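S.K.: Just dropping this structure here.
The values are calculated or read from the model by the stated rules, or taken from the named source; none is laboratory data. Model, not experiment: these values are computed from the prediction. Neighbour counts are summed over all protein chains in view; Cβ atoms, including those assigned to glycine, are modelled from backbone coordinates with ideal geometry. Surface accessibility is based on the protein's heavy atoms, side chains included, excluding ligands, DNA and RNA. Shrake-Rupley method; radii C 1.70, N 1.55, O 1.52, S 1.80 Å.
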Amino acid sequence: MKKVLFPIAIVAIVATMVSCGTQTAKGSDTDSIAIADSVVTTAPAELWTEEAVETQIRKMYERLNDMDKNGVINIVTLEDEFCSSYYLNLRNAIHKSIKDATGDDRMFFGDEEGYRFLAGMPTPLEIEKVKVDLMTGDMAQAQVRFKGADEENGFMRLELDLENGAWRVKNFDQPEAFGPGGILKIMEDFAHEHGISYEEKEPAEDAMAKEWDVSVRTTDLEEKLPRYEALIRDANGKVIQVLEGNTVDYPQDMLKPFGNVWQADVDFDGHTDIMICLGMMPASDQTITYYDAWLYNPNAGEFFHHEGFRDISNPEVDATNKYIKGHYLLRDGETKQYIAFTLQRDGTQKKLKEWQGK
């Protein structure tokens with residue numbers, strides 16, 4: 001394994017940070033509710049593919065192996081070329097704070113094994129497989145399986161952001177090496193602990209409505225397809241839009257939750273969207289609840305109907321993984337079949353994966 005420039009260990013950094021800055025750090029809000037459909041981007045269509053994500057990951061490791069051939073792997077240069085602006089802003093803020101406090105110009109968390117890129121394996125690295133688990137909006141998650149120079153196998157998860165015409169790595173995650181959350185979590189925790197401020201993308205002040213003023217009226221409850229009418233009002237009480245829809249042929253005794261409103265950011269664009277319950281449908285030994293989704297378009301200043309959302313059974317918003325999770329009970333009455341979806345711009349949804357649990 002070749003020498004990594006600017007090596008410094010976490011323990012050494014913690015020991016030297018007694019006199020670091022006292023500004024309050026800004027952390028990423030990973031607990032906010034979210035999903036994907038109408039994220040606005042200027043990126044060309046060919047970048048919105050799993051192949052584009054895989055190509056960029058392979059390019060990054062080809063660059064690392066080229067450095068290895070020349071004798072020195074420079075982690076800083078690799079990060080500058082392939083990491084996201086959020087990652088780099090955080091890294092640079094920590095580096096500056098350490099340098100100001102100690103005069104030490106070495107970089108944060110880069111030991112001689114180069115764990116960020118190498119998964120603790122000796123170079124050169126051969127990528128055996130890249131599997132893209134999730135693509136939603138301008139974010140992707142992928143698994144990378146390696147074979148190192150010692151023929152040992154390795155594994156790493158990467159989170160990437162789509163920035164300036166390329167997929168750029170936001171987080172390196174290998175639980176055995178980094179613990180829960182990966183490199184980004186380590187750096188964010190370190191910044192918070194030592195009062196280091198750093199820049200991160202934030203929506204405009206008026207970009208997100210925490211909650212819309214919605215009132216729903218249901219009609220035709222005795223008919224085959226009962227209907228709803230939802231009035232959306234602004235802060236002054238003025239109606240800005242009327243949403244209209246119908247159920248999907250539910251029996252009348254299952255209509256009790258029909259018209260209930262659920263609000264969440266379901267397309268990950270920083271704006272609150274509206275879901276309207278269509279009621280519950282009996283299915284074998286269970287009942288399944290469905291919703292209509294109305295997604296807010298900030299450019300148009302109004303909501304549009306996502307046709308495919310109503311096909312997702314018992315939908316939940318997974319804010320951490322940024323997908324919609326539907327489920328139903330299997331025949332044993334205890335095991336749930338889960339299906340993860342991301343919403344598409346054409347009103348359909350893409351199935352990402354399936355699994356079972358209780």
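S.K.: When all protein chains stay in place, what accessible area (Å², nearest 10, 1.4 Å probe) is found for H194?
M.R.: About 30 Å², ignoring ligands and nucleic acids.
S.K.: Then there's this: Taking the Cα-to-Cβ direction at E302 and at E151 and moving 7 Å from each Cα, how far apart do the two end points lie in nm?
M.R.: Placing both labels 7 Å beyond Cα along the Cβ direction yields 6.7 nm.
S.K.: Can you give me the Cα centroid spacing of region 243-321 and region 46-110 in angstrom?
M.R.: Centre-to-centre (Cα) distance: 41 Å.
S.K.: What part of the accessible area of region 262-358, given as a whole %, is carbon or sulfur when the probe is 1.4 angstrom? Numbers along the way, then the final one.
M.R.: Numbers: 1930 of 4400 Å².
Using a 1.4 Å probe with all protein chains present, region 262-358 comes out at 44 percent carbon and sulfur.
S.K.: How compact and how long is region 210-296, expressed as Rg and Dmax of its alpha-carbon atoms in Å?
M.R.: Every Cα atom of region 210-296 included, Rg and Dmax give 13.9, 47 Å.
S.K.: Divide the volume of the convex hull of the Cα atoms of region 152-198 by its number of residues and quote the answer in cubic angstrom per residue. Mind dumping the intermediate values first?
M.R.: Working: hull volume 4.1 nm³, N = 47.
For region 152-198, the hull spanned by Cα atoms encloses 86 Å³ per residue.
S.K.: Order R345, R157, R233 by their accessible area, 1.4 angstrom probe, all chains in place, largest first. Display every interim value, and only then the final one.
M.R.: Details: R345 140, R157 100, R233 65 Å².
Correct descending sequence by accessible area is R345, R157, R233.
S.K.: Also: What number do you get for region 207-358 when its Cα radius of gyration is normalised by 2.2 N^0.38 Å, N = residues? Display every interim value, and only then the final one.
M.R.: On the way: Rg = 16.0 Å, N = 152, 2.2 N^0.38 = 14.8 Å.
Ratio of Rg to 2.2 N^0.38 Å for region 207-358: 1.08.
S.K.: Please work out the ratio of the alpha-carbon Rg of region 308-358 to 2.2 N^0.38 Å and round it to two decimals.
M.R.: Numbers: Rg = 11.3 Å, N = 51, 2.2 N^0.38 = 9.8 Å.
So the Cα radius of gyration is 1.15 times the expected 2.2 N^0.38 Å.
S.K.: Related question: Residue by residue through region 351-358, which ³J(HN,Hα) values in whole Hz follow from phi under the Karplus form 6.51 cos²θ - 1.76 cosθ + 1.60 (θ = phi - 60°), with glycine and proline marked x?
M.R.: The phi angles translate into 7, 9, 6, 10, 7, 10, x, 10 Hz.
S.K.: Spin-label point model (7 Å from Cα, Cβ direction): what's the K99 to L330 distance in nm?
M.R.: 5.6
S.K.: Now, a different point. Using alpha carbon coordinates only, what is the Rg to Rh ratio of region 269-309, with Rh defined as the Kirkwood radius?
M.R.: Numbers: Rg = 13.5 Å, Rh = 11.7 Å.
Reported Rg/Rh, Kirkwood definition of Rh: 1.15.
S.K.: Another question, if that's okay. According to a simple spin-label model (label point 7 Å from Cα along Cα-to-Cβ), what is the distance in nm between Q263 and T348?
M.R.: 3.3
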